1. Between residue 485 and residue 452, 0.36 nm times their residue separation minus their Cα-Cα distance comes to what?
2. Which lysines, on any chain, are close to residue 105 with Cα under 30 Å apart, when same-chain ones fewer than 8 places away are left out?
3. Can you work out the FRET efficiency for the pair residue 60 and residue 131, with r the C-beta to C-beta distance and R0 = 25 Å, to the nearest 0.05?
4. With the Cα gyration tensor of the stretch 210-328 giving a ≥ b ≥ c as the square roots of its eigenvalues, does the rule (a/c under 1.5 for rounded; else a/b larger than b/c for prolate; else oblate) give rounded, prolate or oblate?
5. Skip the ligands, DNA and RNA, and give the accessible area per residue of the stretch 48-157 with a 1.4 Å probe, whole Å².
6. Percent antiparallel among DSSP beta bridges with both residues in the chain, to the nearest 5?
7. Could you quote the convex hull projected area for the stretch 48-157, Cα atoms only and averaged over all directions, in nm²?
8. Which order, highest average first, do 321-333, 17-29 follow once you tally other Cβ atoms within 10 Å for each residue and take the mean per peptide?
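The values are calculated or read from the model by the stated rules, or taken from the named source; none is laboratory data. Computed from a prediction, not measured in an experiment: that's the story for all the values here. Cβ coordinates were reconstructed from backbone atoms using ideal geometry, including for glycine residues, and neighbour counts include every protein chain displayed. Heavy atoms of the whole protein, side chains included, go into the accessibility calculation; ligands, DNA and RNA do not. Shrake-Rupley method; radii C 1.70, N 1.55, O 1.52, S 1.80 Å.
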Amino acid sequence: MPDESSESPKSTAEERYKGTPVSPGIVVGPLLFLYEDEHLVRKRRIRPEDVAGEITRFEAALLKTHQQIQAIRNQLASSIGEADASIFDAHILLLEDTSLIESVKEQLQSRLVNVEFAYEQVVRTFSRKMRELNDDYFRERAGDFIDVSRRVLRNLQGKVDAELRSLDTPSIVLAHDLAPSDTAGLDRKMVLGMVTEAGSRTSHTAIMARSLNMPAVVGLRGVLGKYEPGTEVLLDGYEGLLIINPSEQTKTDYGQREKQHHEVEVKLDALRETLAITVDQRRIIVSANIEVLEDLPLLKEHGAEGVGLLRTEYLFLNQDESPSEDQQVDMYVQMARASKPHHLIIRTLDIGGDKKRPHLGIEMEINPFLGYRGIRYSLGRPDLFRVQLRAICRASAEGNVRIMFPMVSDLGELKAARRILDEVREELRSQNVPQAEKIEVGVMIEVPSAALTADMLARHVDFFSVGSNDLIQYTLAIDRGNEKVAGLYQPAHPAVLRLLQTVVEAAHRNNIWIGVCGEMSADVVLIPALVGLGVDELSAGAASIPRIKRAIQAINYEEARQLVARCVLSESVEANQAELEQTARRLYPEIL
Ligand code: PEP
Ligand code: MG
């Protein structure tokens, strides 16, 4: 809650805060707070000459909110009828209330505060007055009023990504949470590191940070808004520490540590051109997960054997409209060329969950991760899906493109997706548009129902790729983005390992290969388990690749198989975790 009276305390004492490390590296820089949550509206002083700009932002947010409410209203009118939809007319009236708008403008001028703060204060006063009126109608409207004002605030705070994109001082960014769409387009030169209060190792912001090679810590509380913006901090992405006002001694110590890390990195760098082969000669492909064109140089830099997962949704998330077919072809072709002589696996749009953008038209959902997501969205939007499939097929003329469908939970969905793919291929053929003779098609195994019917799915695809991030969250019922339950997100749980065992067996019995493209692949403690399960490919953020190769080269496949055989029967996740950690410490202590 905002506190009008208190200003941030000024202190120069060193203080330490601990969170979950999600992306390694050490950086020092000024702290920058981003407030994107309506509960975290803070007061910021503005200059008289800034008032006009704040009013413009306010009007733009009102307009955007109007359009959003109108869109929901129209959708409801066609689905459940005019009568129910008309409650949104009341929302629009509240939004357009001239006395409220004038009060906000008056506050901006008289108090010289930022518009979020002024708006929130006015809304509070208005809703209190409405509740105090002895009238049921107005009391109910107070609830609507809060609802509308949240939308306006969120739209005002849409500035998060604008702010992220227009930083002028290299900073360490701290926010309650960052949406994948916020991180997708950020300026890597200006954002030295990221810290969030929310999130876990497999939340998309964490994945993005690793992909950007940017030190990051999540699940870190107690700092947001407590210090002056610009306070010097040190972020330790190895240990998950944020050190406020680091002393000279701390900085010197960290300088030493960085040197040690650097020495390990140099050794790992030497593995770039090597293959990942276990000591008893089992070969595993190690490829990269990428999101945007800027990731391409990382493939060669880190020795990736192609791309095991292109998350295409980021090509849609970092702009205000969906890319056209030609734009997509252009991007996929660039990616296919950079992946040669290896493959590029293009995953069709995995939108939904925490990955949303207004132009994709996904409504608010109570359980977005169980909602309109991945292949469900694509099958519901054949217009977008066909454009993407046409673009992928056109890019397949490069010769090394494969395609993969996300969030499949049932064979019927896979068949439906394949049918549309066949139609698109036929259409291109009839138009004489070049495409590859054969395109390998895969399916992501990331929903328990898909894992349990993997033998059926295997007969209809050329490969499997396990999305362990989602598979674990759905198997253990642990929201991957919720820091409160992050401790229960346990990849070494026997249930998870058993499911993986089922899937690997189903793949191999049907003579198809199986990879893992979730974050398990990048966790060197878990790699002995994945190797022992018999997976053929590991795909992870490019920066993790040298570590993955180092781990595989130290593992004995037969020993790893026995380790897995013990873990799937174990009654204790902790015992599994301990044995895996001990194995990793014995085999490659320097990269832990
Ligand atoms: C996964 O779920 O493991 C995966 C790779 O997909 P995403 O992280 O994009 O959901
Ligand atoms: Mg997934």
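1. Working: separation 33, 0.36 × 33 = 11.88 nm, distance 2.51 nm.
Full-extension gain reported as 9.4 nm.
2. Once the sequence-local lysines are set aside, what remains near residue 105 is 43, 64, 129, 159, 226.
3. On the way: r = 29 Å, r/R0 = 1.17.
So the FRET efficiency works out to roughly 0.30.
4. Values: a/c = 2.82, a/b = 1.24, b/c = 2.27.
In terms of gyration-tensor shape, oblate.
5. Working: 5750 Å² over 110 residues.
For the stretch 48-157, the per-residue accessible area is 52 Å².
6. Values: 20 of 59 bridges.
Roughly 35 percent of the beta bridges in the chain run antiparallel, per DSSP.
7. Working: hull surface 27.5 nm².
The number I arrive at for the stretch 48-157 is 6.9 nm².
8. Details: 321-333: 16.5, 17-29: 20.3.
Result, highest mean Cβ count within 10 Å first: 17-29, 321-333.
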